[in-house]
Amino acid sequence: MKNEFSLAFNEVLEEKQLPKEVILAALESAMVSAYRRAVNASSAQHVEAKIDPDTGKVMVFAEKEVVEEVQDVRTEVTLEDARKVNPTVELGDMAIMESTPTDFGRVAAQTARQVIQQRIREAERGAQMAYFERQLGEIVSGVVQASTVQTTTVGLDMKAEGVMPANQRIPGEKFRIHDRLRAIIMEVKDGSRGPQIILSRAHRNFLRRLMENEVPEIYHGIVEIRAIAREPGQRAKVAVSATQAGIDPVGACVGVKGTRIQAIVKELHDEKIDIIEWNADPVIYISKAISPARVSGVYLTETEKTATVVVMEDQLSLAIGRDGQNARLAAKLTSWRIDIKSVVEAAGDTLGRLQSEPSMQTTADLEKDNVVRVSEILAKKAENRPITPEEYTVLAQFVDRVERRSIERQRAEEKVNAEKMAEARAGIPDTAFEQPLDVLGLPEHVFNILTEADFNTAGDLLLAMKLSPDKVLGLAGIGPKAMMAIEKAVAESKAQAEAPLAVEVAEPAPTEVVEVAALEGAAAEAVETAEPALAESAAGTAEAEVKTEEPVAASTEEVAPEASFEELFKLRPETFRPGAEEEDKSDKKGKKGKKSVEYQFDEDRGEVVGRKKHKRGDADWTGEDW
């Protein structure tokens, strides 16, 4: 037969809905607190409490020091008593001894009540928090406890309460106390009085969970929900697709005679639901998303992700919906910006583009005969005269042909632009797109302007300068001077990128060898031509090449002159001696003396130098001046 403790313990377990271990831990913690308060024990002393769940007997164990003579029974124990528990203990060791007071039952009942209640409340809140965090995003059922204009309080499992704000309720719904409702857990927050559970019936995932509960194919993954667009209480669109062949996803969601979908509609307060089949082709997908309206044509502008939907006159209001609701939901469902036009409006816009845009001149020439016919039909419509179905067909076919040609032209242009982009990018190393823009050393104000214009790397700027420099020049704050600084930085960057490649292609030959070879080649060419003017030109060319001292790639042809450099200049003194012309000039001017200049190659300086001798005294030559 169970004692009173066991009955009370089981009653607490049933009431609090907590594990047995949690309740025992709370009771033991309360006993420890009661013992510290009863004997005035220090908080530094280690104290444990054990409770027998069958009998309810409480035993308290405290850590005490082993001494020869006990002065404080709360913290000390004799060696003899300590060895009854642990035979290996020695003086000065710490031993765990039973220290249950004689009247501990009455003291514990008085002092432990508040601690037990607090620990149980904490354990209860922790269990609630863990449970509802696992239920996040799932449907829960509860009973309405209170309902106001701002919030609705719902009683949930584990004695928890959920709150549904007014913006998370379906418009038009009214709840009364004790009404049972279903909602999803949208958010769980830890509060001072327990978990704060936010419920929602207006979220699109509430519709998703309802369909999973009502449609077994969705629950088991045979049918997949691709997208949901919802305006709570009014209309919703759901795109579904089948993961197995031979399954009709729309029919599975609707059910036999609409039984499945009607149960969901009733739960959502008569909210209209359109089930459409998802398609990978945006044209087909958008056409179905506009349902229940019938679509004549869908034309995409992929760069702007805009879809132009053309419908007949009688389908225009149905495609747009009340206050644009149908078009708005279709745009949310497909993630495309949808522009709905009637066939007459679309034909008028297309005709105006053919007549005004130069890029469509080729299409205008092809549609020259149809333009006249379309103009007549549009004029007839403007006069409010009736248009036959055949004429509507003519307008729809005209719009379809022109739009398709425009799309083909755009794709061709995009292909050309992509090729240009690839060609331009091929000349820029990939590392340039990883380096920040400041590696180019631009002025600070130019750097700030380019950064604001989303030029984040050096590769972005190099690519823009290669494709369209006018785009960079058109930025606010970029003038001619700033453009010159950008061009200079880009040129230096290209030069640095190409410099290592030049060294790898051809290593320069030693400077002196190239210079001598160039001089000997020029002198040999001058020897073959006996004209003085050509010889002087050759000598000048050789001298220019010597002074530049630029590395020249080694030639594949070997130059092996028969005579040395000094001997080449002695073969034809009348040709190579520049002093000859000076002698002629001096004779004409009637000067008495002659100027003698001798040219030699200076190996230290690496160039040809002239030596002019001055006559000093009688007929002896003394000294040489450079």
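Each reported figure results from applying straightforward, stated rules to the coordinates on display, with no laboratory input. Nothing here was measured: the structure is a model prediction, and the numbers come from that model. For neighbour counting, all protein chains shown are included, and Cβ atoms are generated from backbone atoms with ideal geometry for every residue, glycine included.
Stretching residue 146 away from residue 387 to a fully extended chain increases their span by 80.7 nm, per 0.36 nm per residue minus the current alpha-carbon distance. The modelled label-to-label distance between residue 335 and residue 224, using points 7 Å beyond Cα along the C-beta direction, is 1.4 nm. Note on segment 16-56: dipole from Cβ charges, positive end direction compared against 24, 55, 43; the farthest Cα belongs to 43. Shape summary of segment 135-202, radius of gyration then Dmax from alpha carbon positions: 11.0, 33 Å. Consider a paramagnetic label point 7 Å from the Cα of residue 366 along Cα→Cβ; state which residues of segment 399-424 have an amide N under 13 Å from it. Residues 399-412 fall inside that zone. Rounded, prolate or oblate: which one fits segment 4-127, using the alpha carbon gyration tensor with axes a ≥ b ≥ c (rounded when a/c is under 1.5, else prolate when a/b beats b/c, else oblate)? Prolate.
Here r is the Cβ-Cβ distance between residue 424 and residue 353 and R0 is 30 Å; the resulting FRET efficiency, rounded to 0.05, is 0.45.
For residue 340, nonlocal amide neighbours, meaning residues 5 or more places apart or on other chains whose placed amide H falls under 5 Å from its own, are 309.
Run the quick spin-label model on residue 70 and residue 157: label points 7 Å from Cα toward the beta carbon, then report their separation in nm to one decimal. Output for this residue pair reads 5.2 nm. Shown is the FRET efficiency for residue 434 and residue 306, computed with R0 = 35 Å from the Cβ-Cβ distance and rounded to the nearest 0.05: 0.55.
Rounded to whole Å, give me the distance from the Cα center of segment 302-321 to that of segment 227-255. First find each Cα centre; the distance between them is then 22 Å.
Evaluate E = 1/(1 + (r/R0)^6) for residue 63 and residue 180, where r is the Cβ-Cβ distance and R0 equals 60 Å; express this FRET efficiency to the nearest 0.05.
0.65
3J(HN,Hα) along segment 117-132, derived from phi through the Karplus expression 6.51 cos²θ - 1.76 cosθ + 1.60 where θ = phi - 60°, amounts to 4, 5, 5, 5, 5, 5, 5, 5, 5, x, 5, 4, 4, 5, 5, 7 Hz, with x in place of Gly and Pro.
With each label modelled as a point 7 angstrom along the Cα→C-beta vector, the residue 55-residue 467 pair spans 8.7 nm. Based on alpha-carbon centroids, what's the gap between segment 23-100 and segment 434-480 in Å, whole number please? That distance is 77 Å. In sequence order, segment 335-347 has phi-based couplings of 6, 10, 7, 10, 10, 9, 10, 6, 5, 5, 5, 5, 5 Hz under the Karplus curve 6.51 cos²θ - 1.76 cosθ + 1.60, θ = phi - 60°, and Gly or Pro positions carry x. In terms of its Cα atoms, segment 282-402 spans 40, 34, 20 Å along the principal axes, sorted from long to short.
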